[in-house]
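The next block holds one structure in the form of structure tokens; read it before the comments.
The values are calculated or read from the model by the stated rules, or taken from the named source; none is laboratory data. Since the structure is predicted, the reported quantities are computational estimates derived from the model, not experimental observations. Quick reminder, even Gly has a Cβ in these numbers, built from the backbone with ideal geometry, and neighbours come from all protein chains shown.
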């Protein structure tokens with residue numbers, strides 16, 4: 001079966017889109033099910049048709065309406081935009097334009113709509129990282145009340161919110177659901193399983209470093225492995241021991257707020273996010289009010305652990321990654337390991353799995369289509385302790401702004417539900433490999449395909465997956481604070497500033513934003529309430545984060561066999 005994105009002429013013609021949308025009826029829906037979905041659904045054919053009939057009936061009042069929605073550009077959203085949006089338009093008569101733009105641009109558009117009240121888009125696929133923003137500002141429709149109130153007549157009775165695996169990330173402390181996931185992916189460790197199990201390579205590594213080559217448990221081992229592979233020639237090409245990216249771009253900020261700092265050990269214990277200090281280094285009080293970012297106010301953004309995190313990143317980028325990596329963005333760097341000359345990557349998003357298993361990835365696939373690579377939990381830094389956050393999980397989620405007129409929000413909500421429906425989700429997940437539903441993860445088609453996906457299915461079927469989490473509720477204004485990260489970290493990445501200088505600047509600028517929010521009072525009792533500055537030594541001597549500098553930031557390296565590690569996921 002063809003699991004790649006299929007905007008085929010045959011399908012488009014079958015849906016009546018060659019000559020414009022015809023009067024919607026079940027014939028369009030049946031053509032879509034025949035041509036696109038086939039047997040890749042958790043629902044029976046009768047259940048699929050019943051769900052499509054519900055969409056046709058619910059969309060009747062909005063037939064002929066033109067709506068526009070937006071998401072970032074990844075494979076899952078390309079499938080939604082190029083295949084599911086035209087299908088929805090043909091089936092319902094609601095004309096959807098699904099724009100694909102950079103994630104930074106999505107956040108900027110949403111921020112503009114929040115500030116102006118102008119309806120720029122009728123719905124956004126907006127990361128759950130903004131949950132702290134949405135909960136405090138109350139400018140998005142909370143879906144709990146929406147589905148029971150104004151949106152009740154356009155809420156699919158088969159939506160089955162309990163089947164979604166990421167709603168804990170999109171639910172505020174008030175218990176309300178603010179966003180509905182449409183794609184989800186984790187940040188894991190990627191490595192060349194074939195090289196790591198090559199007897200000659202294993203023997204040479206053990207001779208040189210005194211321990212067995214395996215999946216690194218800590219950053220010391222990752223660094224040894226990166227050093228060992230960099231500059232070697234394998235299969236006739238020069239190999240690099242690390243892959244990353246460093247261009248001064250919004251995606252560089254996510255590189256660090258997406259849990260790199262907590263993986264290093266900067267924050268406090270506590271899952272899904274450190275408390276009271278999280279992976280951004282921002283401290284909150286017992287009322288969830290942000291109280292500081294710099295060490296002088298009890299934050300950790302410029303703490304010794306944070307400096308360590310940045311210094312390791314820059315060393316590995318400069319010493320062990322391909323020279324072009326320093327000028328790449330997130331999207332440009334992601335598919336590079338598929339070229340076959342990278343041994344490992346600590347900070348690798350599973351959203352790029354799709355680019356590792358199909359056309360163009362032959363260098364990292366065996367003749368039978370099984371991968372030469374595997375994914376595993378990322379190693380942790382010297383400051384990390386058991387009970388701390390282990391990694392990041394993205395949950396790109398449908399978000400309805402209150403500034404969107406009700407009728408337009410209803411039409412957009414219908415489209416949002418269509419692209420996450422049980423009818424289409426298994427096929428969508430085979431295309432983008434970004435799971436959102438329990439029923440899809442456990443579908444027999446993924447049991448059949450699991451050996452081709454390098455551990456992805458095993459990860460999402462394991463209890464361990466809940467330990468990877470997005471940004472939490474400590475962040476009161478994601479759009480304002482996120483832009484500070486890439487600008488300051490970019491200075492460290494380029495060498496314009498030392499890690500400490502860049503982080504001092506970053507935490508000061510974060511506190512300026514928190515201070516403005518506190519003065520404005522726009523978030524009421526949930527807004528920032530900054531601590532008075534104190535001697536940093538006071539905070540560094542307290543339990544938890546911020547943590548004093550370690551005498552040894554390079555503890556003894558540890559590795560583990562992949563098979564043993566996978567067994568640990570199940571536990």
Restricting attention to region 369-385, and to residues there that are modelled with pLDDT of 95 or more and in a loop (DSSP other than H, G, I, E, B), which single residue is farthest from residue 551 (Cα to Cα)? 370
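Does residue 505 satisfy the condition of being within 27 Å of the chain's Cα centre (by Cα) and either surrounded by fewer than 17 Cβ atoms within 10 Å (Cβ to Cβ) or outside the structural domain of residue 277 (by TED's automatic domain parsing) (or both)? Full working, then the answer.
On the way: within 27 Å of the chain's Cα centre (by Cα): yes; either surrounded by fewer than 17 Cβ atoms within 10 Å (Cβ to Cβ) or outside the structural domain of residue 277 (by TED's automatic domain parsing) (or both): no.
Taking the combined requirement at face value, the residue does not satisfy it.
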Among the numbered criteria (1) crowded, with 22+ Cβ neighbours inside 10 Å; (2) not assigned by TED's automatic domain parsing to the domain that holds residue 532, which single criterion is violated by residue 294? (2)
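Does region 57-70 contain any residue that is surrounded by fewer than 17 Cβ atoms within 10 Å (Cβ to Cβ), farther than 26 Å from residue 163 by Cβ and modelled with pLDDT under 95? Outline the logic, then answer.
Quick first cut of region 57-70, residues surrounded by fewer than 17 Cβ atoms within 10 Å (Cβ to Cβ) only: 57, 60-61, 63-64, 66, 68.
Next, only the ones that are farther than 26 Å from residue 163 by Cβ stay: 60-61, 63-64, 66, 68.
Next cut, modelled with pLDDT under 95 only: none.
No: zero hits.
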Scan (1) surrounded by fewer than 17 Cβ atoms within 10 Å (Cβ to Cβ); (2) under 27 Å from residue 483 (Cβ atoms) for the single condition residue 543 breaks and write down its number. (2)
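Any residue in region 339-356 that is crowded, with 17+ Cβ neighbours inside 10 Å, touching a residue at least 24 places away in the same chain (Cβ under 8 Å), over 30 Å from residue 553 (Cα atoms) and out of contact with any strand residue (DSSP E or B) (no Cβ under 9 Å at 6 or more places or on another chain)? Steps first, answer last, please.
Initial filter on region 339-356 (crowded, with 17+ Cβ neighbours inside 10 Å): 340-356.
Retained after the next criterion (residues that are touching a residue at least 24 places away in the same chain (Cβ under 8 Å)): 340-351, 353-356.
With the extra rule that they be over 30 Å from residue 553 (Cα atoms), the set shrinks to 340, 351, 353-356.
Of the ones still in play, those that are also out of contact with any strand residue (DSSP E or B) (no Cβ under 9 Å at 6 or more places or on another chain) are 354-355.
Yes, some residue in region 339-356 is crowded, with 17+ Cβ neighbours inside 10 Å, touching a residue at least 24 places away in the same chain (Cβ under 8 Å), over 30 Å from residue 553 (Cα atoms) and out of contact with any strand residue (DSSP E or B) (no Cβ under 9 Å at 6 or more places or on another chain).
Yes/no matrix, rows are residues, columns are (1) out of contact with any strand residue (DSSP E or B) (no Cβ under 7 Å at 6 or more places or on another chain); (2) crowded, with 24+ Cβ neighbours inside 10 Å; (3) assigned to a helix (DSSP H, G or I); (4) in contact (Cβ under 8 Å) with a residue 40 or more places away in the chain:
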{"position": "251", "(1), (2), (3), (4)": "yes, no, yes, yes"}
{"position": "266", "(1), (2), (3), (4)": "yes, yes, no, yes"}
{"position": "270", "(1), (2), (3), (4)": "yes, no, no, yes"}
{"position": "287", "(1), (2), (3), (4)": "yes, no, no, yes"}
From the option list 174, 162, 145, single residue qualifying as closer than 30 Å to residue 476 by Cβ and in a loop (DSSP other than H, G, I, E, B) is 174
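Being crowded, with 19+ Cβ neighbours inside 10 Å and more than 23 Å from residue 73 (Cα to Cα) narrows it down to one of 455, 432, so name that one. So that I can check it myself, show each step before the final result.
Values: 432 fails: more than 23 Å from residue 73 (Cα to Cα).
Result: 455 is the single residue among 455, 432 that is crowded, with 19+ Cβ neighbours inside 10 Å and more than 23 Å from residue 73 (Cα to Cα).
Of the residues 377, 405, which single one is in contact with a strand residue (DSSP E or B) (Cβ under 8 Å, 6 or more places away or on another chain) and more than 22 Å from residue 164 (Cβ to Cβ)? Lay out the reasoning, then the answer.
Values: 405 fails: in contact with a strand residue (DSSP E or B) (Cβ under 8 Å, 6 or more places away or on another chain).
It is 377.
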Is it the case that some residue within region 13-24 is assigned to a helix (DSSP H, G or I), modelled with pLDDT of 90 or more and out of contact with any helix residue (DSSP H, G or I) (no Cβ under 6 Å at 6 or more places or on another chain)? no
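Name the residue that is farthest from residue 263 (Cα to Cα), counting only residues in region 196-219 that are touching a residue at least 40 places away in the same chain (Cβ under 8 Å) and buried (at least 20 other Cβ atoms within 10 Å of the Cβ).
Kept after step one, since they are touching a residue at least 40 places away in the same chain (Cβ under 8 Å), are these residues of region 196-219: 196, 209, 211-219.
Next cut, buried (at least 20 other Cβ atoms within 10 Å of the Cβ) only: 196, 213-216, 219.
Working: 196: 23, 213: 21, 214: 19, 215: 16, 216: 13, 219: 10 Å.
Per the stated criteria, the residue is 196.
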Scan of region 508-526 for residues that are crowded, with 20+ Cβ neighbours inside 10 Å and assigned to a loop (DSSP other than H, G, I, E, B), ordered by number: 523
In the list 235, 224, 244, which residue meets the criterion of being more than 30 Å from residue 136 (Cβ to Cβ) and more than 32 Å from the chain's Cα centre (by Cα)? 235
